[in-house]
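The values are calculated or read from the model by the stated rules, or taken from the named source; none is laboratory data. Everything quoted here is computed from the prediction, not taken from an experiment. Heavy atoms of the whole protein, side chains included, go into the accessibility calculation; ligands, DNA and RNA do not. Shrake-Rupley method; radii C 1.70, N 1.55, O 1.52, S 1.80 Å.
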Amino acid sequence: MTALVIPHDVKWLCEAFINILENAVKYSPENTEVWIRMIKMTTFLRIEIEDQGIGIPKEKYHKIFQRFYRGDEEEVRQAEGSGVGLYLTRKILEWHGGSVTVSSRYGGKRHGSTFRIQIPYEQA
């Protein structure tokens, strides 16, 4: 097995992951699961964080990464938050040469979101 080295700032990269994980827990019903997957790609590591939460409408995917944006869904308005977590996550990952995207199931019987973090690595 080959080790991967991700040049990073420990404090800030942890902050990025914590922001996504906190949202996954905050917006998911009790007794649901959050999955974390890591996939080694050719030039980057993909980390997927998938929850069983309320989901995000497709037309709002780009908005959730804007500063101070909070959705207008009832569950979002009732939860604590300032709308800077995902904005900060995006900025931190960009600073590390990476990115974050989201896809979601919204409406219907199945809900949930998957955040995909892509961050470059070096071979150890």
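Rg and Dmax in Å for the chain, alpha carbons only: what are they?
For the chain, the Cα radius of gyration and maximum Cα-Cα distance read 14.8, 47 Å.
Find how much the distance from residue 6 to residue 39 grows on full extension, using 0.36 nm per residue of separation minus their present alpha carbon separation; answer in nm with one decimal.
Working it through step by step, the gained length comes to 10.5 nm.
So what is the relative contact order for the chain, in percent, with contacts set as C-alpha pairs under 8 Å and at least six apart?
35
Hey, which of these cross-link pairs are over 25 Å Cα-Cα: 63/91; 26/60; 40/60?
40/60
How would 51, 9, 72 rank on accessible area, largest to smallest, probe 1.4 Å?
72, 9, 51
Search the structure for amide H atoms under 5 Å from the amide H of residue 84, placed 1.01 Å from N in the peptide plane, and list their residues when 5 or more places away or on another chain.
Excluding prolines and chain starts, which carry no amide H, the hits are 68.
Over the chain, average the accessible area per residue using a 1.4 Å probe and give it in Å², no decimals.
So the chain comes to 63 Å² accessible per residue, rounded to a whole number.
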